[in-house]
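One structure is given below, encoded as structure tokens.
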Amino acid sequence: MGKLLVVFKREYLERVRSKWYIIGTLLGPAFLLLILAIPRLFGDEAQGSRDVARIDVIDASGTGLGNRVADALRAKYPLSRGPYVRTVDAAKASVEADRSVLRVQREEVLGALLLDSATVAGDSVRYVGRNAGSHMDVDAIRNVVRNVVLADQMARAGIDAKQVDAFSHIRLDIHTQKIGDKGVEKGNPLAVMLLGYGVALLLYMMIVVYGQAIMRSVLEEKSTRVAEVVVSSVDTDTLLAGKILGVGLVAVTQVLAWVVLGAAALMYFPQIMGNGNHPAGVPDSSAAANAIAGAQGGASAAATLVKTGLPSVPLGATIALLLCFVLGFIFYASLFAAVGAMVNSQEDVQQAATPVMLLLVSSALFMPPVLANPTSNLAKTMSMLPTSAPIIMPLRMTLVPVPWIEVVGALAGVSSACAAAIWLSGRIYRVGLLMYGKKPTIRELAKWVREAR
Amino acid sequence: MSDLAIDIRNVVKRYDGHVAVSDLSLAVPRGSVYGLLGPNGAGKTTTIRMLLNIIVPDSGTITLLGTPHRTRGLTDRIGYLPEERGLYKKMQVRRVLRFLAELKGVPGREADRRIDEWLERLELKTPERDWGLAKVDELSRGMQQKAQFIGTLLHDPDLVILDEPFSGLDPINAQALKDSIVELKARGKTIIFSTHLMDNAERLCDSVCIIAHGQKVLDGGVAEVRKAHSGRMVALAVEGDARARIAPVLGDKSLVARVDDNNRYYELELAPGGDAQLLLRRVIDTGVSITRFELVLPSLHQIFLERVGARGVEEGMSGHG
């Protein structure tokens, strides 16, 4: 135990004392704030491109719909040039569309909107353009057309024009609240999503960064031959354990520092988030509602997150989350340590680490789909699979209630994967640490594992 | 309490078909300086690593300082300087040394005191500069070697194991190392070191063991070993350029088994059944002027060549050093 502490202490103190660690820890939150603030600086996060209305409107409907749509577009995008309306015969529509394609290619317009009888009926409208791939732009155009068609139909049904205008401008915000096992939960769902995403991303980042730190540390001991002296004083299992625990605590320290610094920054400079009109503190529901009403995107939600307090994460879930990190870290760290012990040079190590990195990156790849649909079978599977559970389970848990049996199952799975990884890596480490020369083949590795004692 | 510091019995270690150490038995008395001699690949480092419980023998027993070698805490009483040396490059020298001492169970405060003492003693801490505060990679190679040597001895071990301690040392550090070995012995410590430099071994060691191909060739006190091989070696020195005249005599295989030709000084090994008196008469008959003709104790180097043979030499043995 004494030696474990000595190894642990060295790993921890040497890292925490290093210049880059201190800089990274201090600048981490600043960097985060910058990333959150950038969309606001450009101011177009929610509007899509400002040039949406610079399009041809080809009106083959024979009802003057084109001009009405154009007016609506101009009203919505006063800074945009266009739109350019051409009223044509239904028979000529395709010829006109081809003309517009040429105009788009010459960059005269961004796209072309084709209105015909199907549009008047409220069935369909065609849009071709450079930005046809942008959901925001396409949605914006669709909404404009839809509102105009709606107004037309209401007018035909005999509703007064003024009323039509009022109706078509109904703004309906949706205020959502998550229901957990203990009823309606505090905090807004956008913040919950952000928290889930943040937690998963942070876990992933910490495992990648500090897992590789362990790998390099092992390689350093091996290539400088310090390992020779060290293993004559302490057995390799203790050395490996001390290393993983020491570096793990470095990661935890950094996360804690970020949380504290980040929270402090959001507390004292809420205007960075562009939402500084609410007094800080007072985590009541009206503040939450106000905040979310004024929120324009994730950035403000982050501010809200702080103002309204963290969305309630029960103690059990917090412990499960922590276990996920600890077990996941140990799992990947021991694999990385084995990789470090296998090779002799910086050149070889990246290549040798590829399989472990692939495991990690493939778990991260599933973050967006799980975020979009946390109740899907994909989400369930990925949150149970031992290699991805440490990252996906926390994400799922913050988004939706997960039956405790699944959480326990996932943790049990990760634990056994951990035990297997430690067993395997311990053996590779023991032999590899004092083995110089070329990189071992898979067969040689198997022999190391068999023969290690 | 056993009077043996190291007691190795019938130890075997095989690697992947080849035998690194084969049925090796060694006894190193407490308080002695012991040399483990052999060509590269003879199994010296494997033996040392087994002593330190870094690798486990396939069979046989090892007892260190009267205790089975896998006993917990035993390594705290052993100091080890590996052949491949190195320290954490980016770490402050003091912190590295403190780490090494703490690994051996020395409390931090006591470690600091000893580190100061050693740094001053090996001139790494002078009134002008305290190299202990520098990072390891700011030190010259010679200074790093000193630092590593300090790390080996900080916990005041009863048994000191040095693997090829003289390789790569500059003459000043080599001298400091020799002094330290002598001083350690004077304080009752046991020192075992491996080397392929016979001159060092002959001067420093009380006892030696020569191993080749994982097997013990011979062992015992240096004096006894040399005596056991005496009567077969003749030192012959002649005056002037007599090479051509005595060449036929020295080339007589019934008389002389081997010649170590040092130009005007020859070390001869008599052939089995060869007679020293007859040899002397034959040399006199050539008419050269003899300045020395003496039956001598062979040097370790000679014994090594005789027992391990030219094959060992080809396999990396570098003889005099």
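Taken together, the values in this text are just the output of simple stated rules run on the coordinates, not laboratory data. The structure presented is a predicted model; accordingly, all values stated were derived computationally and were not measured. Positions of Cβ are backbone-derived with ideal geometry, glycine not excepted, and every protein chain shown enters the neighbour counts.
For region A:55-168, what proportion of DSSP beta bridges, expressed in % and rounded to the nearest 5, is antiparallel? Spell out each step's value before the answer.
Values: 4 of 13 bridges.
The antiparallel fraction comes to roughly 30 percent.
Among B:Ser194, A:Tyr268, B:Ala5, whose Cα projects farthest towards the positive end of the dipole of the protein assembly as shown, with charges put on the beta-carbon of Lys, Arg (+1) and Asp, Glu (-1)?
Going by the Cα projections, it comes out as A:Tyr268.
What do you get for Rg/Rh of region B:185-304 when both radii come from the Cα atoms and Rh is the Kirkwood radius?
For region B:185-304, the value is 1.07.
What percentages make up the Cα-Cα pair-distance distribution of the protein assembly as shown when the bins are 10 Å wide from 0?
Calculated over all Cα pairs of the protein assembly as shown, the distribution is 2, 10, 15, 15, 13, 11, 9, 7, 6, 5, 3, 2, 1, 0, 0 percent.
Working only with C-alpha atoms, what are the Rg and Dmax values of region B:231-296, expressed in angstrom?
10.4, 30
Roughly speaking, what % of Cα-Cα pairs in region A:55-168 are separated by over 25 Å, rounded to a whole number?
That tail contains 18 percent of the Cα-Cα pairs.
Using the count of nearby Cβ atoms within 10 Å as a rough guide to exposure, how do B:Ser207, A:Ser233, A:Ser117 rank from fewest to most? Intermediate values should be presented prior to the final figure.
Details: B:Ser207 20, A:Ser233 26, A:Ser117 13.
Going from least to most buried by this count: A:Ser117, B:Ser207, A:Ser233.
Given Cα positions, please report Rg to Rh for region B:1-134, the hydrodynamic radius being the Kirkwood one.
Rounded to two decimals, Rg/Rh equals 1.05.
What's the FRET efficiency of A:Leu249 with A:His135 using the Cβ-Cβ distance as r and R₀ = 56 Å, to the nearest 0.05?
Result of the calculation: an efficiency of 0.80.
Give me the dipole magnitude in Debye, nearest 20, for region A:55-168 about the Cα centre, with unit charges on the beta carbon: positive for Lys and Arg, negative for Asp and Glu.
Here the size comes out at about 200 debye.
Within 10 Å of each Cβ in B:66-76, how many Cβ atoms from other chains are there, averaged over the peptide? Don't jump to the answer; show the numbers that get you there.
Values: counts 0, 0, 0, 0, 0, 0, 1, 2, 0, 6, 3.
Partner-chain Cβ atoms within 10 Å, mean over residues of B:66-76: 1.
According to a simple spin-label model (label point 7 Å from Cα along Cα-to-Cβ), what is the distance in nm between A:Asp71 and B:Asp179?
Each label point is offset 7 Å from its Cα along the Cβ direction, giving 10.4 nm.
Once both axes come from the Cα atoms, what is the angle between helix B:171-186 and the longest principal axis of chain B, in degrees from 0 to 90, rounded to 10?
80
Express in whole angstrom the spacing between the alpha-carbon centres of region B:155-225 and region B:134-149.
Answer, in whole Å: 23.
In the protein assembly as shown, what percentage of the DSSP-assigned beta bridges are antiparallel, given to the nearest 5?
60
Tell me the net charge near A:Ala337. Cut-off is 13 Å between Cβ atoms, A:Ala337 excluded, with +1 for each Lys or Arg and -1 for each Asp or Glu.
Computed value for this residue: +1.
Can you pull the one-decimal nm distance between simple spin-label points at B:Val56 and B:Leu295, each 7 Å off the Cα toward Cβ?
5.3
To test your reading of the geometry: what angle, between 0 and 90 degrees and rounded to tens, separates the Cα axis of helix B:108-121 from the longest principal axis of chain B?
The angle comes out at about 40 degrees.
Which entries in the list A:Lys19/A:Lys447; B:Lys104/B:Lys227; B:Lys44/B:Lys185 go over 29 Å, if you measure between the two C-alpha atoms of each? Kindly include the intermediate steps, with their values, before the conclusion.
On the way: A:Lys19/A:Lys447 41 Å; B:Lys104/B:Lys227 41 Å; B:Lys44/B:Lys185 22 Å.
With Cα atoms farther than 29 Å apart: A:Lys19/A:Lys447; B:Lys104/B:Lys227.
How many nm is it between the label spots at B:Arg187 and B:Val19, if each spot is 7 Å from the Cα in line with the beta carbon?
4.0
Considering every residue in B:77-89, what mean count of other chain Cβ atoms within 10 Å of its Cβ is obtained?
Mean partner-chain Cβ count within 10 Å for B:77-89: 5.
Calculated from DSSP H runs of 4 or more alone, at -39500 (n - 2.57) each and per residue, what is the 222 nm mean residue ellipticity of chain B, nearest 500?
Rounded to the nearest 500, the figure is -10500 deg cm²/dmol.
Take the Cα atoms of region B:53-122, find their three principal axes, and give me the spread along each one in whole Å, biggest first.
For region B:53-122, the Cα spread along each principal axis is 43, 25, 19 Å.
Express the relative contact order of chain B as a whole percentage, based on alpha carbon pairs under 8 Å and six or more residues apart in sequence.
Dividing the mean separation by the residue count of chain B yields 21 percent.
Over the whole of A:231-240, what's the average partner chain Cβ count within 10 Å per residue? Rounded to a whole number, please.
Other-chain Cβ atoms within 10 Å of each residue's Cβ, averaged: 5.
Per the Debye formula with a single identical scatterer at each Cα and no solvent contribution, what log10 I(q)/I(0) holds for chain B at q = 0.06, 0.08, 0.12 Å⁻¹?
For chain B at q = 0.06, 0.08, 0.12 Å⁻¹, log10 I(q)/I(0) is -0.27, -0.46, -0.88.
Quick one: putting +1 on the C-beta of Lys and Arg, -1 on the C-beta of Asp and Glu, what dipole do you get for the protein assembly as shown around its Cα centre, in Debye to the nearest 20?
Here the size comes out at about 760 debye.
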